Amino acid sequence: MFVSKALSINGKNHLEIGGCDCVELVNNFGTPLYVLDENLIRENCRLYKNAMDKYYDGNGIVLYASKALSTMAICKIVDQEGLGLDVVSGGELYTALKAGVPMDKIYFHGNNKTYEELEFAISKDIRRIVVDNREELGRINEIAGKQGKVVNISFRIKPGIDAHTHDFVQTGQIDSKFGVALENGEAYEIISEASKMSNVKVVGVHCHIGSQIFDLEPFKLAAKVMLEFIAKVKNEINIEIEELNLGGGFGIKYTMDDDPIEYDHYIESVSNVVKSICKEKGLKLPFIVMEPGRSIVAPAGITLYKVGAVKNIKNVRTYVSVDGGMTDNPRYALYQSKYEAVIANRADAPRVQTVTIAGKCCESGDLLAKDIKMPEIQAGDILAMLATGAYNYSMSSNYNRIPRPPVVLVKDGKARVIVKREDYDDIIRNDVIPEDL
Ligand SMILES: *Cc1c(COP(=O)(O)O)cnc(C)c1O
């Protein structure tokens, strides 16, 4: 009955997650509150890892795209489950390092990694840097030279595939800030250039065709296009590319209308495509990398808010205001993303009205959901937004000087804080009043 199997209704008619009653969680930790179901995160990690073992003989690695939710505890869980990690900044890399994730399981992405970030990553012997552009390639070669190292690199490539998703999260086409294109020869040239450099070694190619994708076809097509490119590079410039990274982007169920494909089915289908094309082209089977982010953590998370006011504007709209908003979840403001909500203290109440859930920020666009079917709602009710485990905490801000909510990990009826609630001193921590002011 809910979008995520982490959720159920208990005997008190309260929403429950990880064996914890949401009303009690709110009594203990306050609102707003991010809650994550540890078992479901682990289960999702295993689903991908087992599929890689089963359908591709384990000749690959599943990386958790940590930009979806990067905290030390999450990095540790993912590492314990045998996944590697993908990071897109020095901050995410630092988080992973501090959590004890081995550097030989970390891939570094991003379209404009800074010199300092590259120095840091190379000094720690990161497993792979996914090179985005020619300037960056030059910088990596230079830094590696200074440190007396040879860095294993792969290349972010735009395979030119339209994955039929929201424009803002579509990154496979030529008009994208990420990577080098196939169709105009950029990808070919950069690899040829790298092969002449002494402090980098070309190991792989990478593509990421978008996010929240429900179709199998774009993934299969991307694998095919990339393998054809690998064959071209081998035949024409005699460079053997060993690693094929197919990125992430697997869709999840945000609302009951969403119908994602089983994640192991993606890996099965893509593995079959890779095997058959390699056979046809006489290529060695590449080491496969997959990078799910959202699909590992999103379904495991909810956000709990307290309703502060219900404003019924006759014949216009009913606004339900909660004590969080775009500061803890900017996804509606950014993408008009859809979510489902539940009144956690009356979880099975019938949905009798259409309301808009608004945040508390001074922005008209600060909404969490527009025109959704909800039960009767009063001030004091606890509202749960579902499937908020990805791109919520990681995208949060202190706009309006609102402290960030804590993140609580639940499992078998126990709740532990993995990120503390910010307070007002955190808000002013970096403020300075100059002495001569
Ligand atoms: C964002 C991103 C991912 C993860 O995407 P999801 O939609 O969260 O699965 C993986 N790889 C790269 C390079 C990304 O930019």
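The values are calculated or read from the model by the stated rules, or taken from the named source; none is laboratory data. Note that this is a predicted model, so its numbers are computed, not measured. Heads up, the Cβs are rebuilt from the backbone with ideal geometry, glycines too, and the neighbour counts pull from every protein chain shown.
Computed quantities for the displayed model
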{"read-out": "Tabulated pairs, the range 85-101, first modelled with pLDDT under 95, second more than 14 Å from the ligand (Cβ to nearest atom), C-beta under 8 angstrom, 6+ apart or interchain", "value": "none"}
{"read-out": "Output for the range 248-279, where each listed residue is surrounded by fewer than 18 Cβ atoms within 10 Å (Cβ to Cβ) and farther than 23 Å from K54 by Cβ", "value": "T255, M256, D257, D258, D259"}
{"read-out": "Subset of the range 218-244 [aromatic (F, W, Y) and more than 16 Å from the ligand (Cβ to nearest atom)]", "value": "F229"}
{"read-out": "Criterion (among the basic types (K, R), closer than 29 Å to A390 by Cα and touching a residue at least 24 places away in the same chain (Cβ under 8 Å)) met by exactly one of K201, K234, K253", "value": "K253"}
{"read-out": "Any strands (runs of 3 or more DSSP E) falling wholly within the range 27-88 and containing at least 3 residues that are within 13 Å of the ligand (Cβ to nearest atom) and closer than 22 Å to C207 by Cα", "value": "60-65, 84-87"}
{"read-out": "Some residue of the range 268-282 being at pLDDT below 95 and basic (K, R)", "value": "yes"}
{"read-out": "K373 being free of Cβ contacts under 8 Å to residues at least 24 places away in the same chain, of a type in the set (K, R), surrounded by 11 or more Cβ atoms within 10 Å (Cβ to Cβ) and away from the ligand (no atom under 16 Å from the Cβ)", "value": "yes"}
{"read-out": "R156 vs. criteria touching a strand residue (DSSP E or B) at 6+ places or on another chain (Cβ under 9 Å) and surrounded by fewer than 21 Cβ atoms within 10 Å (Cβ to Cβ)", "value": "no"}
{"read-out": "Test for G19: is it surrounded by fewer than 23 Cβ atoms within 10 Å (Cβ to Cβ), out of contact with any helix residue (DSSP H, G or I) (no Cβ under 7 Å at 6 or more places or on another chain), closer than 30 Å to R346 by Cβ and among the small types (G, A, S)", "value": "yes"}
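A quick yes/no check of all residues on (1) among the charged types (D, E, K, R); (2) more than 16 Å from V151 (Cα to Cα):
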position	(1), (2)
E183	yes, yes
M197	no, no
C207	no, yes
V225	no, yes
